[in-house]
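Q: Have a look at this one before I ask anything.
The values are calculated or read from the model by the stated rules, or taken from the named source; none is laboratory data. Here the structure is a predicted model, which means the values were calculated and not measured. Ideal geometry is used to build each Cβ from the backbone, glycine not excepted, and the neighbour counts take in all protein chains shown.
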Amino acid sequence: MVFTIHLEDMPIRVIRAEQPDILRETVFDFIIEPSHDLPQNLFVKKQKVGWEAEFSVEIDAYERLRDLQGTTVPQLFGQVLLDGVPALLLSKVPGVSLDALARNGAMEVDEKVLETQLRNSLEALDRYSAVYWDMRLDNFILCDDKIVIVDLEQVTFNSRPWEKGLNSAGVSSLMSRFRDIKYPNRPSSPVNFWSAVRTSEPCVDPSALVLI
């Protein structure tokens with residue numbers, strides 16, 4: 001089905017829309033007509049129901065991390081309406097999530113190189129006093145020789161002293177999760193996994209950080 005969306009005053013004809021992951025109902029891959037100053041392949045992320053605050057947080061994070069767009073995080077082209085719901089129009093990140101990589105036994109990976117790539121991306125956020133709370137493997141995409149971080153709904157810029165090492169600490173936690181999935185018969189990891197728990201409030205409060 002061909003339809004049109006609008007980026008500000010610019011109409012964009014979408015010639016194909018697919019949902020790459022049925023578990024992510026608000027995420028779509030778009031192919032648009034090649035008549036715009038945009039890539040033909042785009043990624044669209046709709047605002048989740050009841051997540052107005054997180055949507056605003058994500059927009060603010062992209063603005064503050066503008067210098068990292070297209071490298072460490074996707075490029076944000078702007079906002080559109082999709083079925084009457086606000087959505088972000090983003091660059092598509094070609095690659096494989098660390099979760100999928102861990103589950104695919106046929107794909108070889110140099111774990112030391114992967115850990116370095118992961119650390120480089122998370123430490124890039126440190127330069128902007130950004131703390132990334134949503135430490136899940138499927139939020140990190142291996143793209144060529146770098147890791148691209150997606151889903152910025154739970155990024156904060158508080159820069160409280162105790163938060164400064166959280167991005168770096170996340171590297172060890174993520175790599176332990178990666179190995180636990182890739183090698184299911186190995187002894188359980190002694191590393192504690194950190195996670196931000198979403199409460200009834202629409203926006204995650206960093207004080208809700210707990211061990212899982």
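Q: All but one of (1) closer than 25 Å to residue 19 by Cα; (2) in the same structural domain as residue 56 (by TED's automatic domain parsing) hold for residue 149, so report the exception by its number.
A: All conditions pass for residue 149, except number (2).
Q: Now a separate question. From the list 23, 89, pick out the single residue that is surrounded by 18 or more Cβ atoms within 10 Å (Cβ to Cβ) and under 16 Å from the mean Cα position of the chain (by Cα).
A: 89
Q: Identify all residues within the stretch 93-112 that are under 19 Å from residue 134 (Cα atoms) and under 16 Å from the mean Cα position of the chain (by Cα); write none if there are none.
A: If the condition is that a residue be under 19 Å from residue 134 (Cα atoms) and under 16 Å from the mean Cα position of the chain (by Cα), then 93, 96, 97, 98, 99, 100, 101 are the ones that fit.
Q: Contact list please: Cβ distance under 6 Å, first residue in the stretch 121-137 and more than 12 Å from residue 157 (Cβ to Cβ), second residue acidic (Asp, Glu), pairs at least six apart or on different chains.
A: Between residues of the stretch 121-137 that are more than 12 Å from residue 157 (Cβ to Cβ) and residues that are acidic (Asp, Glu), the close pairs are 134/151; 137/99.
Q: Go through the stretch 105-124 and give me each residue that's modelled with pLDDT of 95 or more and not acidic (Asp, Glu).
A: Answer for the stretch 105-124, where residues must be modelled with pLDDT of 95 or more and not acidic (Asp, Glu): 112, 113, 114, 116, 117, 118, 119, 120, 121, 122, 124.
Q: Based on this model, can you work out whether residue 66 counts as loosely packed, with under 14 Cβ neighbours inside 10 Å, modelled with pLDDT of 95 or more and closer than 14 Å to residue 91 by Cα? First the steps, then the outcome.
A: Details: loosely packed, with under 14 Cβ neighbours inside 10 Å: yes; modelled with pLDDT of 95 or more: yes; closer than 14 Å to residue 91 by Cα: yes.
Here the answer is yes, as residue 66 does meet what is asked.
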